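So the structure is just underneath, and the comments pick up after that.
Each value in this text was obtained by applying a stated rule to the coordinates, not by laboratory testing. Because the structure is a prediction, the values reported are computed rather than measured. As a convention, Cβ positions derive from the backbone with ideal geometry for all residues, glycine included, and neighbour counts pool all protein chains shown.
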Amino acid sequence: MKKPIYSHLFSLIAIAGLLALSACGGSSSGGSGNNGGGGGTGGSTANSRLNGTYTFYVNGLDSSAVPYSMAGAMTLDGSGNITGGEQDLFDGGSSSVDSDDSITSGTYTVNSDGHGTATLNTTNDGTEVLAFMVVNDNHLLITEFDNTATSSGAMDMQTATTVVPAGGFSFTLFDQNDSFTLGGVLTSDGSASFTNGLGDQAVVDQTSGNLDISNNVPLTGSFGVPDSFGRGTITLNDTGISSSLQFAYYAVGPEVYRLVEIDGTTAFAAGSMYSQGTGGALSAQTLNGNFAFNNFGVDGTTIGIIASSGEFTTDGSALVTAGFADVNDGSGTAVTASAISGAYGIGANGRGSINLSTTSTELTNFAVYTVDPALNIEDPNNTSTGLGGALLVELDTAAIGTGVAVPQASTATLSGSYGIGIQAPGVNSGNFDETDFVGTLKASSGKVTGTVNLNDIGVGTTSNLAYTGTIGADSTHAGRLVLSTNTSAGVLVDAGGYESSAGQVFLTSSNSNLVATGIIQPAAAK
Amino acid sequence: MKRLAVIFCLFSFLSLAPFAAPSIANAQSTAVKSSLPVRVYASSREVTLQATVDQIVKSPNKAMAPGGHVILATPSGRLDGAVGPYALNSSKNGSKPLDLVPGQRVTVVGVHSTFGNSPIFLVRSINTGSGTVNIRTKNGFLINPSMAKHTTKVSNFGGAR
């Protein structure tokens, strides 16, 4: 279970805003208990935007600075009430798994600008609070917003609860606790079994101390039918570690499943599985054109965390002809718009590789797994923009992690209403810690304003933290944006961003003392 | 706690498993980047040093790299040894693996690196004479005290994708 609060954080950089929030119109819980923000019947009329069962996932740190992940589903009634649900979570350090926990009740509030909070009452894990930003009525950016944990993730309308995976799938998994990452492709028979699995992984051998990177790892597995909340279980037989990984899965719909490991012994991994579609044989042509990407993982620098984002262009056959990447690894100097190029290939099963040539970043070797060209990876119920792309697993001796690559067709600067979510793991006074926030971003004529709910685990939650800033196109690197944000207390986060065709932007902090990864997504007007 | 076994032989044939990525990608995977940026831990640059502990810094100032520091006196001068967030302040995870005092003689293994524009020594292990404390894996990843509970080993399936 997630442990009682213990430490501190927010960053070295800014959000000492906790000390001056009244000036921002915000409030802070100061780490004293949950800060749910209310909800329930009779609240904002915007509550009607959320009506149905939603699948959610988050990854972050608990109050003991231990990596945890959680996935689940909950039913919202459109009037501010959570009527039921269930969830699975693990805490890596405590070897604790809370599997199939019931969400018995709860409340939520959606403010008129789309940001809000939800309070979930669970059978085993007590009360949890999520802060969220409604990107559209089917998709939310979320963070856990209480003093037991902080994290970032998403919540999506569940479009089918009784489906089982069928056909070809790609998946990626990341375990921050154990420096373990695994990605691959699988074929589901549509009833109970995965076959033809082939994966790639990196794992620290605890005996030798070496990081072992393996490709062409045979994978098999099985799965059970989902319950009324779209939850089922998956057993993945990973011959690369000669063991089985047990997962709970939660269906978003027939093509997307959120996974959280529940065996409590082999590893502590979480991720997602996406359909490859029904378009037939895949090839390098499947990943042809311009792409924005992100990646998050662990590395061998001072704090051991690396975030990156960028863009690349492929020729449709074998080459990554151009690109740029931002990398922040906590080493005191963020890399911005570093040129990348290289080679790539995609097999008929949708599995392939991207190998970048760069002397300024850790980004070199990636395994890549294509997804359905009709699927939006970051907003699965969006069927019109940002479709296709691939999942990424970084497999370098210097860094490992997971990410995504999404088609990039728009490189304009932002204008209008957006949601923003940031995850900033870091170190404060020597201890490992994390801050997450989620909320609004309004962009107009190069200026940005917004309001976020921020959780600095160990310090406390901060509601309705206002910020201002600037955003603009990088004049020398087409497709790259530069974002700068400040609260009344100082810098919130500065970041480079790469925009995809859906108007969503992958962010990597450029601050010298803050490693942060994040996303901006266009918010539907209501 | 489950320990995962090595199975080198069983799947060795899989190094020949077909994979459809173009040969250029495979060739590239072995040709790219021979040297990492100096800020990144590279085992090829690893050195072993005899030193004396000069100072322990559990809460660094903002000019220093995040995490704990062991300031070392070496024949070539003082060295800022970065030991990460866990080694000196691991009570969160129930243990305190690194207990040093000024004046103590140690042998450190690590890599000369930089934090911003300042030199730093990324410490992988410290031997105090009575034992060795591993702070990073051989490729430089920080060892989370909770990590060792979940031992994993892999087979060698070959590297070409």
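Brief remarks on what is shown
- Oblate is the label for region A:466-526, because the ratio a/c of its alpha-carbon gyration tensor axes (a ≥ b ≥ c) is 1.5 or higher and a/b is not greater than b/c.
- Projected over all directions and averaged, the alpha-carbon convex hull of region A:167-275 occupies 6.2 nm².
- Ranked for footprinting exposure by Cβ neighbours inside 10 Å, fewest first, B:Arg45, A:Arg49, A:Arg480 give B:Arg45, A:Arg49, A:Arg480.
- Over all distinct Cα-Cα pairs of region A:339-485, the Kirkwood formula returns a hydrodynamic radius of 18.1 Å.
- Sequence of A:Lys442, A:Lys447, B:Lys138 once ranked by neighbouring C-beta atoms within 10 Å, starting from the fewest: A:Lys447, A:Lys442, B:Lys138
- Amide H contacts under 5 Å for A:Ile82, placed H, 5+ residues apart: A:Gly106, A:Thr107, A:Tyr108
- Per-q log10 I(q)/I(0), region B:45-148, q = 0.12, 0.22, 0.24 Å⁻¹ (Debye; single scatterer per alpha-carbon; no solvent): -0.34, -1.26, -1.52
- Cα coordinate range in region A:57-117, projected on the principal axes (Å, largest first): 38, 25, 14
- Exposure proxy ranking for A:Arg351, B:Arg105, based on other Cβ atoms within 10 angstrom of each Cβ and starting from the fewest, stands as B:Arg105, A:Arg351.
- Close amide H contacts of A:Asp372 (hydrogens built in the peptide plane, cut-off under 5 Å, sequence separation of 5 or more or a different chain): A:Ser275, A:Gln276, A:Gly277.
- With q set to 0.10, 0.14, 0.16, 0.19 Å⁻¹, the log10 of I(q)/I(0) for region A:284-407, from the Debye formula over equal scatterers at the Cα positions, is -0.28, -0.55, -0.72, -0.98.
- Rounded to the nearest whole Hz, the Karplus-based 3J(HN,Hα) values (6.51 cos²θ - 1.76 cosθ + 1.60, θ = phi - 60°) of region A:296-304 follow the sequence 9, x, 10, 8, x, 9, 4, 9, x, with x at glycine and proline.
- Hz values of 3J(HN,Hα) by residue in region A:476-489 - Karplus curve (6.51, -1.76, 1.60), Gly and Pro given as x: 10, 9, 4, x, 9, 10, 10, 10, 9, 9, 9, 9, 5, 9
- Rg to Rh quotient for region A:416-522, alpha carbon positions, Kirkwood Rh: 0.96
- Every Cα-Cα pair in chain A was counted, and those over 47 Å apart are 3% of them.
- Mean-position separation - Cα centroids, region A:157-195 and region A:426-482, in angstrom: 32 Å
- For region B:76-88, Karplus couplings with θ = phi - 60° (6.51, -1.76, 1.60), whole Hz, Gly/Pro x: 9, x, 6, 10, 8, x, 8, 10, x, x, 9, 5, 9
- Here the convex hull built on the C-alpha positions of region A:50-191 has a volume of 120 cubic angstrom per residue.
- Scanning residues 5 or more positions from A:Val129 or on other chains, those with amide H under 5 Å from its amide H are A:Leu120, A:Phe145, A:Asp146, with H placed 1.01 Å from N in the peptide plane.
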